[in-house]
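First up is the structure itself, then whatever we jot down about it.
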Amino acid sequence: MKYPLTIAAIALAALMPPAEAAALRENGDPLASARWSEMQKAFLAGAPVLFDPRVKVVAPSTAENPMQVPVTVDATALPGVVEVVVFADFNPIVQVLRFFPEDAPAFLGFRVKLQQSTPVRAAVRTADGVWHVGGTWVNTVGGGCTAPSAAGGSKEWQQRLNEVSGRQWSEGPNAGRLRMRIVHPMDTGLVAGTPAFFLEEINFADAAGKRLMRVQTYEPVSENPVFTLQRTSADGPVEASGRDNNGNAFTARIAQ
Amino acid sequence: MKRLLCALLMLVAGQLGAVDFDYRLSPVEIARDVYAFIGKTEDFTTDNGGNIVNTAFIVAAQGVIVIDSGPSLRYGQQMRRAIAAVTNKPIALVINTHHHPDHFLGNQAFADVPIAALAETRNGIAADGNAFAENLFRMSGDWMKGTEVQLPGKTLNAGRLEVAGRSLRLVGLDGHTGADLVIVDETSGVVFAGDLAFNGRAPTTPHADVAHWLKALDQLEGVTREAGFKALLPGHGAPTSDAAPIRQTRAWLTWLTAAMRDAAKAGLDMNDVLARPLPAEFARLPVAASEYRRSVGHLFPAAEQEALGAKP
């Protein structure tokens, strides 16, 4: 291991509550998934790993609709977050998205297509090079990745592709929140006759042009994606821009 | 000793009961010559085998009219035997009130008699029937053995239907699904509401158009105000002699849509909405928590789209 860890030292430095400190561990996947070691090799190769309760992944334990499983990743309790990668061990396409919280808290809500019951995890890389891993099991009847998108049935989405709607909240219990929806089929390529067609990158920047967050999205993100972000201070409009894997670009202003 | 033996026997019998695939269907006479099989107010499980639905039959002058056929082949067969224990008249017609699987997957047991439904219900069964059946195999297990989709062969239209010497009034509504049939038996005064009305159980919404459903409930309540009205049989839950299930269903749907709209306006994410506690009034309904979670998945995206200013 390149960066030796002592769990006690981390817990002490982070002033963690005893219950959370007790849950910190370097070995032994708390979700007991048969694919964990593969996941570790694919996404976190060579770097130190810590199962960390400060990485909160919220999703329903039983998902009614495998095409639209809500996932919320909250790593705001962790200082110095550089990158977050979200993956689902048993999905045919494992990687869901990556996000880089630059001037925004490490918080992102989205929805995902799941093919079968699986752990959904977030691995959070902090500035010291350590991957902090959190996750939860989602049980679902499945089929979410190999069912055609609803858009496949109509021609309308072609005119509305990349149409953005969104809002920010400046007061109330959700002050600082930004929510955005984009019209996109997010085709996985796993449905016969329909090539993969999905959003690849979305950037959020404030009025001064300072980037709040960069998000790399992959095939498993649900059709017509909806994202929930949290800003430290809701200060003016946000510009969202991005493109899909066919080069269709969009730019939209989300007013406050 | 005798008592102990008795208790032991009962224990053994009780355990057998769970695996003999007997729904123990027992007809309840809700009006003269009108009977219902009342299902449990639960979700589909391997214990109840999907007996969570109300089905019914009318013993008419020249034959029996069956309303909905239950969740499986076994249910349909057992239902038919239970009907034969009440009357030796032949089955004249089976009607499916709408295209949900607990209401038509017993059709196979009636393959030798006419089965009828509204046109859109027939289309719905043809399109979604197999997927529904697959899902019930997952939830109810071996109770479903041998069950296959049997399409209704006849199309019903709203209006008067003369069958087996009985005059029925068919009211074509929608909102719970794309086509929800209400059957009014004017002879007995019984109104078969299908799943437009739930009693003492949270309503299900996988194919709901809530605005249409609320409109349908108003029309249905109008039917219960007619002079001859005697009893209402909801799709799930006990029959009543008043419109209480209609009001209960309306209250749930009204609260649910307002909750989705308000949550979306307040900036909540779907996970935030799922985590919300239910008001006490609704939380005490059987399966309220699970139906709420399912309904969030069905109804929140549209509310969210509206709150974010997206075109519908």
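Here the accessible area is traced with a 1.4 Å probe on the protein chains. For the range A:7-254, carbon and sulfur cover 52 percent of it.
Projecting the alpha carbon convex hull of the range A:118-256 along each direction and taking the average yields 10.6 nm². The residues of the range B:220-268 occluded by other protein chains by 40 Å² or more of accessible area, set against the chain on its own, are B:Gly267; surface from heavy atoms, 1.4 Å probe. Chains A and B together bury some 1900 Å² of accessible area, summed over both sides, with a 1.4 Å probe. Full extension of the segment from A:Ala21 to A:Arg160, taken as 0.36 nm per residue of separation minus the current Cα-Cα distance, would add 45.2 nm.
Relative protection proxy for B:224-235, A:102-113, from highest mean packing down: A:102-113, B:224-235 (other beta-carbon atoms within 10 angstrom). Each residue, B:Ala280 and B:Val19, gets one label point 7 Å from its Cα in the Cβ direction; the gap between the two is 4.5 nm.
Residues of the range A:172-200 whose accessible area (probe 1.4 Å, heavy atoms of protein chains only) drops by at least 30 Å² once all protein chains are present, relative to their chain alone: A:Asn174, A:Arg177, A:Arg179, A:Arg181. Near the amide H of A:Glu163, within less than 5 Å, lie the amide hydrogens of A:Val183, all on another chain or at least 5 residues away, with H placed in the peptide plane. Rolling a 1.4 Å probe over the protein heavy atoms gives chain A an accessible area of 41 Å² per residue.
Convex hull volume per residue, computed on the Cα atoms of chain B, equals 154 Å³.
Computed FRET efficiency, Cβ-Cβ of B:Glu29 and A:Glu102, R0 45 Å: what is it to the nearest 0.05? Once the sixth-power term is evaluated, E becomes 0.05. Comparing mean-square fluctuations of B:Asp174, B:Asp272, B:Asp22 from a GNM of chain B with C-alpha springs under 10 Å, the top value falls on B:Asp272. Short-range pairs are left out: with C-alpha atoms under 8 Å and at least six residues apart, the relative contact order of the range B:21-243 is 19 percent.
Couplings 3J(HN,Hα) of the range B:143-154, computed from phi: 4, 7, 3, x, 6, 9, 6, 10, 5, x, x, 10 Hz, in residue order, whole Hz [Karplus 6.51 cos²θ - 1.76 cosθ + 1.60, θ = phi - 60°; x for Gly and Pro]. For the range A:94-99, the Karplus equation 6.51 cos²θ - 1.76 cosθ + 1.60, evaluated at θ = phi - 60°, returns couplings of 6, 6, 9, 6, 10, 9 Hz by residue, with Gly and Pro reported as x.
Where in the range A:60-77 does accessible area fall by at least 50 Å² between the isolated chain and the complete protein assembly, at a 1.4 Å probe radius? Residues losing area: A:Glu64, A:Pro70.
Using the Cβ-Cβ distance between B:Ala85 and B:Asp262 with R0 set to 35 Å, the FRET efficiency works out to roughly 0.10. How much of the accessible area of the range B:21-243, in percent, comes from carbon and sulfur atoms when a 1.4 Å probe is used? Answer for the range B:21-243: carbon and sulfur cover 48 percent of the accessible area.
Taken per residue, the accessible surface of the range B:21-243 reaches 37 Å², heavy atoms only and a 1.4 Å probe. Entry note: the range A:7-254 has Rg to Rh equal to 0.97, where both radii use alpha-carbon atoms and Rh is the Kirkwood radius.
The values are calculated or read from the model by the stated rules, or taken from the named source; none is laboratory data. On a predicted model such as this, the values are computed, not experimentally measured, just so you know. Here the Cβ is made from the backbone with ideal geometry for all residues, glycine too, and neighbour counts use every protein chain on show. Keep in mind that these areas ignore ligands, DNA and RNA; they rest on the heavy atoms of the full protein, side chains included. Shrake-Rupley method; radii C 1.70, N 1.55, O 1.52, S 1.80 Å.
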